[in-house]
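Here is the structure we will look at.
The values are calculated or read from the model by the stated rules, or taken from the named source; none is laboratory data. This is a predicted model, so every value here is computed, not measured. No Cβ is skipped: glycine too gets one built from the backbone with ideal geometry, and neighbour counts run over all protein chains shown.
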Amino acid sequence: HQHNENVRPSTCLLVETRTFSFVLIAFCFHSATTFPKGCYHAEENGYKTIRCSNAQLVEIPKDIPNDTRKLFLDFNHITFLPHDAFRNLPFLLELDLSHNAITRMEIGAFRGLLENLHSLDLSSNKLVSVNKDIFSNLKAKVNLSSNPWLCDCKLQELIGKVDLMAGSSGGIVCDSSAQEEHVGKPFLQLITDMDFCSVYKRTTDIAMLVTMFGWFAMVISYLVYYVRQNQEDARRHLEYLKSLPSKQRKSEDGFGPGPDCASLGAD
């Protein structure tokens, strides 16, 4: 039989017939597993390993055997890790996602790997900013080097959340930052001298104060306008009230009773 490296060898039975001739019957127990295109199976130190390196993959394969212990997906074109991307791989110990184009990872992308995974390589991707909750309860050593990181409070919180792989911390370099002088410098070196989150908090507090002052000024302006408008209305109303007696007197002068008839008769 021609060997196919993507399929486990099947089991065939050799059966003796009543005529003492031997017939090869292809009772092949299709426990065979088909691997993703470009992937192959190997045993490394007794661990079941699936290598999909440089396989032109654009997403996480869905047909990886669930008893895989080591999975290599490096040097592909994967850009996104969805929620539950590895939920069917509960025994995975090592996951290599390096040298891809990953820009975004959903919270829960590594759910199901939290207990057993001890090595996660995300180096040489296109990660700029990552929510720290993606790595909640993750016990694995993580490699985050050689990504175009935005150095800010969010990255500082992320670094405080994960257990960095030995020798990888120096590769976490600022590709962009609010302060230009930080660009090109190792992030862990910077956070030994400054707290990005306190700077962020001060900036946020100032912005909040400016916003509150703006609202306060607007309310005061409205109140001043409202009071002035009411004063003007009150003045007009008061003038109107003052004009009422004079109007009444004029009315009485113009339309009052004529000369007394008796006095006219006497004349």
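Pairs are defined by a Cβ separation below 8 Å, a sequence spacing of at least 6 or placement on different chains, a first member in region 177-188 that is surrounded by 13 or more Cβ atoms within 10 Å (Cβ to Cβ), and a second member that is of a type in the set (Ser, Thr, Tyr); the pairs so defined are Pro186/Ser169; Leu188/Ser169.
Checking each residue in region 105-123 for being in contact with a strand residue (DSSP E or B) (Cβ under 9 Å, 6 or more places away or on another chain) and either part of a loop (DSSP other than H, G, I, E, B) or of a type in the set (Val, Ile, Thr) (or both) picks out Glu106, Ala109, Phe110, Leu113, Leu117, His118, Leu122, Ser123. In the set Asn137, Asn147, only one residue is in the same structural domain as Leu114 (by TED's automatic domain parsing), part of a loop (DSSP other than H, G, I, E, B) and exposed (fewer than 14 other Cβ atoms within 10 Å of the Cβ); that residue is Asn137.
Among the residues of region 138-150, those identified as in contact with a helix residue (DSSP H, G or I) (Cβ under 9 Å, 6 or more places away or on another chain) and closer than 21 Å to Thr79 by Cα are Val142, Asn143, Leu144, Ser145, Ser146, Asn147, Trp149.
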